[in-house]
Each structure stands twice: as C-alpha cells, then as structure tokens.
1. Scanning the stretch 175-191 for residues that are without any contact (Cβ under 8 Å) to a residue 12 or more places away in the chain and in a helix (DSSP H, G or I), which turns out most open to solvent (accessible area, probe 1.4 Å)?
2. Need the failing condition index for Pro214 against (1) under 21 Å from the mean Cα position of the chain (by Cα); (2) of a type outside the set (A, V, I, L, M); (3) open to solvent by less than 20 Å² (accessible area, probe 1.4 Å), just the number.
3. One residue is enough: does the stretch 252-263 have a residue meeting the conditions within 30 Å of Asn137 (Cβ to Cβ) and either under 29 Å from the mean Cα position of the chain (by Cα) or modelled with pLDDT under 90 (or both)?
4. Could you pull out the residue among Ala110, Ala89 that is in a loop (DSSP other than H, G, I, E, B) and in contact (Cβ under 8 Å) with a residue 24 or more places away in the chain?
5. Exactly one condition in (1) closer than 23 Å to Leu288 by Cβ; (2) open to solvent by less than 70 Å² (accessible area, probe 1.4 Å) is not met by Leu172; state its number.
6. On the basis of being over 24 Å from Val147 (Cβ atoms) and either surrounded by 14 or more Cβ atoms within 10 Å (Cβ to Cβ) or aromatic (Phe, Trp, Tyr) (or both), does Gln246 make the cut?
7. Given the conditions (1) of a type in the set (A, V, I, L, M, F, W, C); (2) open to solvent by 30 Å² or more (accessible area, probe 1.4 Å); (3) assigned to a helix (DSSP H, G or I), which single one is not true for Ala201?
8. Name, by its number, the condition in (1) surrounded by 18 or more Cβ atoms within 10 Å (Cβ to Cβ); (2) outside any strand (DSSP E or B); (3) not hydrophobic (A, V, I, L, M, F, W, C) that does not hold for Gln239.
Amino acid sequence: MDALRRMAVFAMVVDKGSMNGAARELGMTPSAVSQHISKLEQQHGVSLLHRTTRKLTLTEAGSLFYQGCADMLAAAQLAEQRLLELRDAPVGELRIAAPTGFAGALLSEALTPLLSAHSGLKLRLFFHDEMIDLVDNRIDLALRAGVLKDSSLVARHLADWPNVLCASPAYLARQPAITRPEQLSALQWVALSDRKLGWLAFEHADGSRFTAEPDARLVSNNIVAARQFVLAGMGVAVQPEPEIRQELADGRLLRVLPEWSLPPLAIYAVTPRRDIQPAKVRYAIEALRASLSK
C-alpha cells in the first residue's frame, strides 16, 4: 500500500508540475511529498525527476514510470466512479464548458432545479467561444453548437434551435423596406469568426428557396460582443432564437424577412469517451435536453 501511495504522490507531482502544488492538492506538506519521491527513487534505484530551483522535469525513467502511475490512478478513479453509479445520485463537482452565448438564463434555468434537488452536487462553469481540451481542463461536459468535427469525444444531440435573421429597429429604419432575400447582399453584416456566414440557405413558407453569400463587415469571436453591435445598429446578423428571445420580445431586435427561415442550429452535449458516465453527467445532460429543447 505504501508503494501505491508513493505512485499516486509521484503522479500528482507530475500533474501539478511542482512539489508544492502536489502538496496543496493532497493536503500534505512539501517535505512529506519530497520524502515519498525520494523513497520511490530509492526503491527502484533510478532518478525519476530532474530538480532545479525553478522547475521539475521528468527523466526518461520517470516518463515511463509516470504512464504506469497514471493508468493506475485512472483505474482507481473508474472504480470510484462505478461506486457512484451504484448510488445513482449526482454528487461532487460538475465541470461544464459552454460558448459565451449560454452565459445567462439558458444554463441557469436548466441547471438550477438540478442543483436544488441534489445538495451534494457542485457546479463550475467555463465559458469559451473557442474549443478547449476537455481532458486537459478536466471538463465533464461541454456544450457545442453547429457542425461537430470528428473527434474521440462522445456527442449527444440536445436540441435544434431556430436561427433568426435580425437587426435593431434603428438599423432597419435607415434601410429601404427589406422584403426580398435578394436585398441582403446590400446590407451590413455582423458575424462570428467561428461560424463564418458562407452560403445562407433561406426557405420561404411557400417552399421556394434562395441562397445568399453576404460579406461580413464586422467579425467577432464572441457572440455576445457581436450581438451588442447588432443591438447598437451596426447591421444584421444570424442569431440563435433562444439566445435573443428577450431582445425580440422587448423589441430591441426585430426579425428580418420573418417569412423566410434558415436551417436550425444543432446543440450537442459533448463528453470525453468513457465506459461509464457518472450520475452527475447523466442528470445534467437530461436537464439540459429538457430545458434547451423548449
């Protein structure tokens, strides 16, 4: 058991990049951590770490040994995860990543009932419009929108959101009445850099279709920032309807060509590939599906 504990301490030192970081994570003193590493090196007769005043680096032997330690810890975590599955109750910290457009009522309305019903569940949210590495950031669940790239992640479809072509009343007041999609190329456009406008395929209520390829004057990698420019009267944009529902209801944004529709935006829950998902992730996915599909 002492050897297994030393292996776990060694893996934590590597993961945290320092003795002090590992000590804080494990609730130990730095000197106790150092002793565990020293005994491990003495036990195997090899040096596992290069120590300098600035950083720790793995030796060749340490690199090989770390992989075995990491595999051991992964197996232990899987065993604990299966115990949680037997309890079938969401507990612990749930780490969710989502685009910035979700940073409002969309997530709070979906997850507040889950948190209220399960006092042992904690929530940590990370908002990024760019893709982040779920494994490196220990993310349990990420929300993704649009076409997904092939990856080793597992995607579960949650909802299809209507896309809305919209603009502020102030901007539309400066334009001739927009009644035909052929007029769209003459407008100023605001777009997201990760969702390039490209070809927009419009379909009329009578079944007729039209494709447009507008050129964006203003491009942002943040949908909230882009939306503020639309609200400020800087142009038209395609926005997910649930994210601008309040602005439409308040009249701060108006639909453009409301009789024409665009393909919906697919919303997915993405998780690292695991044999078994903990109850906290399963419960969260169902809560999100129920709320976001409204």
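The values are calculated or read from the model by the stated rules, or taken from the named source; none is laboratory data. Remember, predicted model here, so these are calculated numbers, not experimental data. Please note: Cβ atoms are built from the backbone with ideal geometry, for glycine as well, and neighbour counts cover all protein chains shown. Quick note on the areas: whole protein, heavy atoms, side chains included, nothing else; ligands and nucleic acids left out. Shrake-Rupley method; radii C 1.70, N 1.55, O 1.52, S 1.80 Å.
1. Ala186
2. All conditions pass for Pro214, except number (1).
3. Going residue by residue through the stretch 252-263, those that are within 30 Å of Asn137 (Cβ to Cβ) are none.
No, the stretch 252-263 contains no residue that is within 30 Å of Asn137 (Cβ to Cβ) and either under 29 Å from the mean Cα position of the chain (by Cα) or modelled with pLDDT under 90 (or both).
4. Every option except Ala89 fails the conditions.
5. Condition (1) is where Leu172 drops out.
6. On the way: over 24 Å from Val147 (Cβ atoms): yes; either surrounded by 14 or more Cβ atoms within 10 Å (Cβ to Cβ) or aromatic (Phe, Trp, Tyr) (or both): no.
No, not satisfied.
7. Result: Ala201 passes all but (3).
8. Every listed condition holds for Gln239 apart from (2).
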